[in-house]
Each structure stands twice: as structure tokens, then as C-alpha cells.
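Asks: The structure follows.
The values are calculated or read from the model by the stated rules, or taken from the named source; none is laboratory data. Owing to the predicted nature of the structure, the values given are computational and were not obtained by experimental measurement. Glycine also receives a Cβ, built like all others from the backbone with ideal geometry; neighbour counts cover every protein chain displayed. Surface accessibility is based on the protein's heavy atoms, side chains included, excluding ligands, DNA and RNA. Shrake-Rupley method; radii C 1.70, N 1.55, O 1.52, S 1.80 Å.
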Amino acid sequence: MSRPMTITEKIFAAHAGLAEVQPGQLVGAKLDIVLANDVTAPIAIREFGRVGVDKVWDNTRIALVPDHYTPNKDIKSAEQAKIMRDFAHAQGITHYYEIGCMGVEHALLPEQGVVGPGDLIIGADSHTCTYGALGAFATGVGSTDVAAAMATGESWFKVPSSIKFNVTGQLAPWVSPKDVILHIIGMIGVDGALYQAMEFTGDVFDCMDMDGRMTVCNMAIEAGAKSGIIAVDDITRAYLEGRAERTWTEYHSDPDAVYTQVYEIDAATIVPTVAFPHLPSNTRAAADARDVKIDQVVIGSCTNGRIEDMRVAAGVLKGHKVADGVRLIILPATQDIWRQCMHEGLMDVFLDAGAAVSTPTCGPCLGGHMGILAAGERAVATTNRNFVGRMGDPTSEVYLSSPAVAAATAVAGHIALPDDLS
Ligand code: SF4
């Protein structure tokens, strides 16, 4: 009989071929999916060339997504994308997504059924942790780790310990999954879960749709975590139905599994929240931030660019105009989401309000393109990072919020709640 284990420990044991593992143990483990993007893949490809193997370990298990500076912003980004494109074609990579098919990687891979429960996934991008929403262990690594993984299909890990966040009760109106994770990060800080797995449980998550669960797990890295994870349930299974490209294995934490800490959080204590510059943990109630005037609002990204986010934003914007002097940029995260926005009439709402709607791209989230901030400008964004200079000039400011608060802010011209709009 093996020791009681968390979901995360069970995934590691299975992929390391061991009956059990414990936190802190170093293991070599087989990978299910290896990911890189147009920033990180070119470095990985160069290092792969130095490893001395001709072919990748499995051309169906590598995902290459040109999403950061694409459609190419300049000559340098075009060259980066070309390195990845040429490699993908030479290696026959089946999960390479050209412009016109691509989306923001952490919205795209779950949507396309590439990642699934029980998987062990690494990606040369810190928000790879998003896939924990599907009951997978997924984490960001460096490009050289991806190079080695593309050659061998394996990587080494220190098994993380787990922290449990049990959120129970009922969320108030306009309190979204983004507010839940901002609340948690505000509570524990940007290093509150350092090198640990954040396991989310409780009836708030039991009722949360997959888009919301991905928002929560996406931001685990902003608390310093190795990963975020939510156990598979009927909502997960329904999401996977018709889209999962492989069979999957479900793992559940044993009732007596050991956690370094268990946080019990009453959902009623969570309010619409904004993270002020320059840390995701610098959180305040949106209701207390109405004096913050805004130049730009960005709704999109791997955190909040999914269809539920678009629906919420459109619901708030409907019948309103963007305030004078404010730019509203909306980025549906994938082509499918874009198309769905069109079918549901959300595009009309966005355009009627005076928003610019972009093709899927990371763009402004990392200060890449499609909405760079000038000196001293302020943006509210549904993205995940508000570090100094993240979206432009070092003196600009980024305030992180939910799609509902972002949309209301675009209309009001200052940080606002949807109920503030007449
Ligand atoms: Fe990174 Fe932003 Fe792109 Fe997400 S949307 S992958 S955080 S650059």
C-alpha cells in the first residue's frame, strides 16, 4: 500500500514509473506534451541542433504556437517565426499552428484537445500552468529544457509539495474566477506558493466552468507556484467530450494526502478586485479604486480571452460607448473564439461600443504590439502581469481586473463596476 498522495504526486509517480513519490524527490519523468512559442522555440531549436539528434522524439507531442509577436510585428519577429515554421515543417510537427489557425497558446491547446487530464506537460512559457484546470500537471520551463525534451520526451523534476485552497460558499454578483485568484494572490503574495502545487477545491470550483478554471490555474505562477490544479469532474469531462485527442487518466487526491498548508476561504469575502501596479499581489477592492482614470483597456490574453470572458465583456458593454479619451482593445484568444463572438453577435456589441477587435495574439499583454502604452499612461487589463513596463513605457501603469470590471472601466473612463453604469 503506497503512501497517501495528492493529484500532483500521483501524476508524477505514474510518469516516473514509480509506485509512489514524495515532495522534494527528484524524478525523471516521461512527458505527454512539450510546448514552445515564437519567443522561446527559436532558442530551443538552436539548442536541439546541438544535442546531436536529427528527429524529435515524437512529432505528435510537440506544440509550436506563434502567438507572442504575431502576425509578425517587425523583421526580427518575422525571422523568429520563420525559424519555428521551418523547424515544424522539417520535423513534421503536427501541432504547429500557422497564422489563421493559431491562438494564444494556453487558450488554444485546451480548446483543440491537445492537453488533457493526467498529462505531464512542460512549456517554455510560464503560464503553461493553465492546463492544471484539466487535472494535468503543467509547468513552465526554460528553452533548453524544451530542447532536451524535444529530443528525449523526458525531463527531470523535483516533486512539488501541495497547498490546498478550499473556497466554499457563493460568489456575489460580478465576482468572477479572476477575482478569486487575485484574492488568493493578494492574500498569500507573489511568493506565497513558491515551487508548490496550488490545488483548488471547494464548491466554488465545483460550480466553475472550464474557462473560469483556466483563468484561476493560469495565475498560479503569479503566486510563485510550480503549478495549479483542479481535479477532474463532470464539467471537465463534458468539456473534453468531442475535443480530447487522446484517452486520459483521472487522478484524485487521497483524503489523507498531506498538504503544507490548507487555506479555507469563504467565497462571500471575495469582491471584484483590481491588482494595482506593479505586482499581481497588490490587490484592492475595485469599488475603492474609482478615482483611477484610465487611458486604455485590454480584454483578452491567456488569462481572460476565452468565450465566457467575451460574453461577460459584451454583456457589460451592450448599449454603451467607450468613454472619450479611452482606447478599448479586445483580443479573442483563438480563431474559434473569434468566430463564436461573431456568431453570437458579440462583435457587433464590441464595434458599436467603439472597441478595436484584434486577431488572436498576445500582443499588448507583454508590451509586444497592438496597444503599447506611452509614458505615464494607465491601462486596465484582463491579463496576468502588471510589472514595471509590462505593457510599454516604464512609467506606464497596468491594473489587472476581470473582464466585467475592465469593460465597465472602458465605459466610465475610470476603474468602475458594471453596476456603476447607468
Ligand atoms: Fe504570456 Fe500574455 Fe501571451 Fe499569456 S497572453 S502567453 S501571459 S504573453
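Asks: Give the distance, in whole Å, between the Cα centre of the range 111-158 and the Cα centre of the range 345-395.
Replies: 27 Å
Asks: Taking 30 Å as R0, compute the FRET efficiency from the Cβ-Cβ separation of residue 187 and residue 249 and round it to 0.05.
Replies: 0.40
Asks: Please compute the Kirkwood hydrodynamic radius of the range 74-127 from all pairs of different C-alpha atoms, in Å with one decimal.
Replies: In the range 74-127 this quantity evaluates to 12.8 Å.
Asks: Throw me the Rg/Rh for the range 124-194, computed over C-alpha atoms with Kirkwood Rh, two decimals.
Replies: A ratio of 1.06.
Asks: Right, another one. Rounded to the nearest 0.05, what FRET efficiency is calculated for residue 374 and residue 2 with R0 set to 60 Å and r the Cβ-Cβ distance?
Replies: Computed FRET efficiency for residue 374 and residue 2 comes out at 0.55.
Asks: Per the Cauchy relation, a quarter of the hull surface: what is the mean projected area of the convex hull of the alpha carbons in the chain, in nm²?
Replies: 19.1 nm²
Asks: Please compute the modelled spin-label separation between residue 324 and residue 387, points set 7 Å along Cα→Cβ, answer in nm with one decimal.
Replies: Those two pseudo-labels are separated by 3.8 nm.
Asks: Heads up, I need the accessible area for residue 137: 1.4 angstrom probe, whole protein in place, Å², nearest 10.
Replies: Accessible area of residue 137: about 0 Å².
Asks: Right, here's the next one. Over the range 1-92, what number does the Rg to Rh ratio reach, with both radii from the alpha-carbon atoms and Rh per Kirkwood?
Replies: 1.13
Asks: So for the range 166-243, considering every pair of alpha-carbon atoms, how many percent are separated by more than 18 Å?
Replies: Value for the range 166-243 (Cα pairs over 18 Å): 39 percent.
Asks: Rg(Cα) of the range 48-182 divided by 2.2 N^0.38 Å?
Replies: In units of the 2.2 N^0.38 Å rule of thumb, it is 1.22.
Asks: Take the eigenvalues of the Cα gyration tensor for the range 96-139, scale each by 5, and report the square roots as semi-axes in whole Å, largest first.
Replies: Each semi-axis is √(5λ); the values are 18, 11, 8 Å.
Asks: In the Gaussian network model of the chain, springs joining C-alpha atoms below 10 Å, which of 359, 236, 247 carries the largest mean-square fluctuation?
Replies: 247
Asks: Using a Gaussian network model of the chain with C-alpha springs under 10 Å, which one of 367, 305, 319 is most mobile by mean-square fluctuation?
Replies: Per the Cα network of the chain with a 10 Å cutoff, 319 tops the list.
Asks: Quick one: divide the alpha-carbon radius of gyration of the range 194-332 by 2.2 N^0.38 Å and tell me what you get.
Replies: 1.25
Asks: With springs only between Cα atoms under 10 Å apart, run a GNM on the chain and tell me which of 400, 351, 317 wobbles the most.
Replies: Per the Cα network of the chain with a 10 Å cutoff, 351 tops the list.
Asks: Between residue 75 and residue 420, take the C-beta separation as r, use R0 = 51 Å, and let me know the FRET efficiency to the nearest 0.05.
Replies: That pair, residue 75 with residue 420, gives E of 0.70.
Asks: Also: If you average 1/r over all unlike Cα pairs in the range 281-422 and invert the result, what Kirkwood radius do you get in angstrom?
Replies: It is 14.5 Å.
Asks: What pairs from 10/164; 76/226; 76/293; 10/178 go past 24 Å between their alpha carbons?
Replies: The pairs that break the limit, which is 24 Å between Cα atoms, are 76/226; 76/293; 10/178.
Asks: Turning to a different aspect of this structure: What is the spin-label model distance, in nm, from residue 101 to residue 82 if the labels are put 7 Å beyond Cα along the C-beta direction?
Replies: Spacing of the two 7 Å Cα→Cβ label points: 2.1 nm.
Asks: While we're here: Using the basic label-point model (7 angstrom from Cα toward the beta carbon), what is the residue 241 to residue 258 distance in nanometres?
Replies: 4.0 nm
Asks: At 0.36 nm per residue, and after removing the present C-alpha to C-alpha distance, how many nm does the segment from residue 366 to residue 194 gain when stretched out fully?
Replies: Stretched fully, the residue 366-residue 194 segment lengthens by 59.6 nm.
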